[in-house]
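Just below is one structure, and these are the notes that go with it.
Values in this text are rule-based calculations from the coordinates and carry no lab data. Computed from a prediction, not measured in an experiment: that's the story for all the values here. Positions of Cβ are backbone-derived with ideal geometry, glycine not excepted, and every protein chain shown enters the neighbour counts.
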Amino acid sequence: MVSSSYTRVGGLYDTGFRHDPGNPLESLADYCLGCYTNLNLSSRVDLLEQHIREYKADGLLINSIKSCNSFSAGQLLMLRELEKRTGVPGGFIESDLVDPRYFGKANIENRIQSYLQMLDARKNRRQA
């Protein structure tokens with residue numbers, strides 16, 4: 001893994017953002033406007049595309065969290081758009097952080113392994 005949007009849910013610190021004690025309300029507003037869950041879908045796609053290109057990612061793996069609609073809304077649409085824009089293949093996993101009925105360790109491991117095998121096969125075809 002070279003990047004994650006999940007770290008942007010609670011902050012913009014990777015961009016160098018720091019709260020300004022001299023302008024507390026303004027800096028709080030800037031912070032809130034940039035948090036991932038406060039971005040519209042096109043801004044999220046742009047951000048993820050930037051990360052894919054910047055880190056030369058081989059793929060995009062999305063873990064859709066059932067209990068977090070603000071984070072997971074529109075993820076399949078975003079995945080398809082990013083595949084189209086970047087040419088990297090996407091993988092999609094559904095799970096949950098709080099409801100064990102939606103988390104199956106073996107199922108998730110199998111899906112990740114299948115995805116990684118697909119990436120390896122794709123890489124081997126390009127090298128051949």
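Worth pointing out:
- Residues in region 22-45 that are touching a helix residue (DSSP H, G or I) at 6+ places or on another chain (Cβ under 8 Å) and outside any helix (DSSP H, G or I): C35, L39.
- Scope region 62-73; condition under 15 Å from L47 (Cα atoms) and not in a helix (DSSP H, G or I); matching residues: I62
- Inter-residue pairs, beta-carbon under 7 Å, first more than 17 Å from S72 (Cα to Cα) and in region 1-27, second of a type in the set (A, V, I, L, M) and surrounded by fewer than 11 Cβ atoms within 10 Å (Cβ to Cβ), 6+ apart: none
- Qualifying residues in region 74-128 (those that are aromatic (F, W, Y) and in a helix (DSSP H, G or I)) - the one farthest from T37 (Cα to Cα): Y115
- Check on S114, out of contact with any helix residue (DSSP H, G or I) (no Cβ under 7 Å at 6 or more places or on another chain) and under 19 Å from S5 (Cα atoms): no
- Check on L39, in contact with a Gly (Cβ under 9 Å, 6 or more places away or on another chain), surrounded by 11 or more Cβ atoms within 10 Å (Cβ to Cβ) and not hydroxyl-bearing (S, T, Y): no
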